[in-house]
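Here it is, the structure in full.
What follows draws every value from the coordinates through simple rules; no lab data is involved. If you're wondering where the values come from, they're calculated on a predicted model, not measured in any experiment. Backbone-built Cβ (ideal geometry, glycine too); neighbour counts: all protein chains shown.
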Amino acid sequence: MAGALAVAACGPKAQGQPVPADLPPLKAVAPVRVGACVQALHLGDPALSALLTREVSQLTPEWEMKMEYVVQPDGSFRFDAPDRIAAFARAHGMALLGHTLVWYAQAPDAFARLDEGRISFVDAYRNYILAVAGRYRGQVVGWDVVNEAVAEDGDGWRDSLWSQRLGAFEHIALAYRTAREADPHAALLLNDYNLEYYPRKRATFLKLAERLLASGAPLTGLGTQMHVAADIAPGEIGRSIRELASLGLPVHVSELDVSLTRSQNKLLSRDELRRRQAAVYAEAAEALMDLPASQRFAFTLWGLRDQDSWLKKENAADAPAPFDDAGRPKAGAAALVEAFRG
Ligand code: 9MR
């Protein structure tokens, strides 16, 4: 009844949809860590840092812990921005998720033009992982060790500088072994996207995880990014999460956002897409909540506010996040609260 009254006494209408005025923080109702990505640059925005502090219990650096930031043109490393994110997390009692050590999409020139007379490629690769995972040892709950390893059509693994120089499977296994060497306690995750859209990609992703485990590589969890569109068929997210959980490893909903403008179904009105967007947020949370507690790693949103989302930079008409530009909860945030409460 209290819930019904709260809904009746609606606060400001966020993006046209009524949201309870007294919506509790996500982290207060979720039985898992709730995360968000963040850029060091944005931590200076007091409205954002207040929203993060109120809503989430885990942070993922959106890009400043990747090679594109850490590796400088001369091959040296810089950590000022990721250190600021780590300090913010620590100061606010939040967990920190390292993202990401090895990504096919990022192969800095410093690696490509390595003088192997001075250092072998394999040593440079290991040194990088040891330096980064070692620096944040004891500060991170885990790492997305290898990001997006599986080909989009599910036909094997992605080609990259790393696979070419170190071997398609070997560079992946080596990344896990080296990350474990650097940090004995961090969760070591394999992270990928479109797993809910492409069953073949999901199957290859699971096979890769199985092969890593069989080889003795210390893989301890699976991340499913979930950059989805609001018109995704109901049930697909739940099916994907259940299948991913079949290996028995913890599952991380690692980068969830729900695009309006990427929807393929052009017959759906903007209002209908917003309604579906809230339902998709709920389905993702419910699917994770349906797993045994030991298999729920965390639930991470790739941007709390619309204005911070990479999708909005791609298409200004998008509004993929659970909070609007001003940080007011949208129907998606209300749906998450309901779903977390069970
Ligand atoms: O949202 C991130 C964007 O700000 C960065 O410019 C980009 C490249 O580093 O990465 C985006 O995040 C990606 C994530 O790291 C991996 N999965 C897909 C995400 C969206 O592209």
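So what's region 114-206 giving for Cα Rg divided by 2.2 N^0.38 Å, two decimals?
Details: Rg = 14.5 Å, N = 93, 2.2 N^0.38 = 12.3 Å.
Relative to the rule-of-thumb radius for its length, region 114-206 sits at 1.18.
Taking +1 at the Cβ of each Lys and Arg and -1 at the Cβ of each Asp and Glu, which of Leu114, Gly98, Tyr128 sits farthest along the dipole of the chain towards its positive end, judged by Cα position relative to the Cα centre?
Gly98
Shifting gears a bit: How much length would be gained if the chain were fully extended between Trp310 and Asp159, taking 0.36 nm per residue of separation minus their Cα-Cα distance, in nm to one decimal?
On the way: separation 151, 0.36 × 151 = 54.36 nm, distance 2.49 nm.
Contour length minus the Cα-Cα distance gives 51.9 nm.
What Kirkwood radius, in Å to one decimal, follows from the Cα pairs of region 34-114?
Numbers: mean 1/r = 0.0748 Å⁻¹.
Answer for region 34-114: a Kirkwood hydrodynamic radius of 13.4 Å.
Using a Gaussian network model of the chain with C-alpha springs under 10 Å, which one of Ser49, Ser269, Ser259 is most mobile by mean-square fluctuation?
Ser269
Could you tell me the relative contact order of the chain? Use alpha-carbon pairs under 8 Å, at least six residues apart, and round to a whole percent.
Numbers: 665 pairs, mean separation 58.5, N = 342.
Relative contact order, the chain: 17 percent.
Here is a follow-up. Which one of Ala334, Leu256, Ile85 is farthest out on the positive end of the charge dipole of the chain, using unit charges on Cβ (Lys, Arg +1; Asp, Glu -1) and the Cα centre as origin?
The residue sitting most towards the positive pole is Ala334.
Okay, which of region 117-142 sit inside 20 Å, backbone N to the point 7 Å along the Cα-Cβ direction of Ser76?
118-119, 124-125, 127-136, by backbone N distance to the label point.
Rounded to the nearest 20 Debye, what is the dipole magnitude of region 209-342 about its Cα centre when Lys and Arg each give +1 and Asp and Glu each give -1 at the C-beta?
Numbers: 16 positive and 18 negative charges, 13 e Å.
With Lys and Arg at +1 and Asp and Glu at -1, about 60 debye.
Take the alpha carbon atoms of the chain, find their radius of gyration, then divide it by 2.2 N^0.38 Å using N residues; give the quotient.
Details: Rg = 20.0 Å, N = 342, 2.2 N^0.38 = 20.2 Å.
Rounded to two decimals, the normalised Rg is 0.99.
Using only the Cα atoms of region 183-319, what semi-axes does the equivalent ellipsoid have when each is the square root of 5 times a gyration tensor eigenvalue? Give whole Å, largest first.
Values: eigenvalues 162, 46, 36 Å².
Three semi-axes, in Å: 28, 15, 13.
Can you give the relative contact order of region 18-104 as a percent, counting alpha carbon pairs under 8 Å and 6+ residues apart? Walk me through the numbers before you get to the answer.
Working: 107 pairs, mean separation 26.2, N = 87.
About 30 percent, as a whole number.
Follow-up question, since we're still on this one. Using just the Cα positions, wrap region 215-254 in a convex hull and report its mean projected area in square nanometres, one decimal place.
Values: hull surface 13.3 nm².
Mean shadow area of the hull around the Cα atoms is 3.3 nm².
Pick out which of Gln295, Gln264, Gln39 has the largest mean-square fluctuation in a Gaussian network model of the chain, springs linking Cα atoms closer than 10 Å.
Residue with maximal mean-square fluctuation among Gln295, Gln264, Gln39: Gln264.
Further question: Rounded to the nearest 20 debye, what is the charge dipole size of the chain about its Cα centre when +1 sits on each Lys and Arg Cβ and -1 on each Asp and Glu Cβ? Don't jump to the answer; show the numbers that get you there.
Numbers: 37 positive and 42 negative charges, 113 e Å.
Using Cβ point charges on Lys, Arg, Asp and Glu, the chain gives about 540 debye.
Something else: Can you tell me the dipole magnitude for region 81-163 around its Cα centre, using point charges on the Cβ only (Lys, Arg +1; Asp, Glu -1), in Debye to the nearest 20?
Roughly 620 debye, rounded to the nearest 20.
Please find, in a Gaussian network model of the chain (springs between Cα atoms separated by less than 10 Å), the residue of Arg275, Arg54, Arg118 whose mean-square fluctuation is greatest.
Largest GNM mean-square fluctuation: Arg118.
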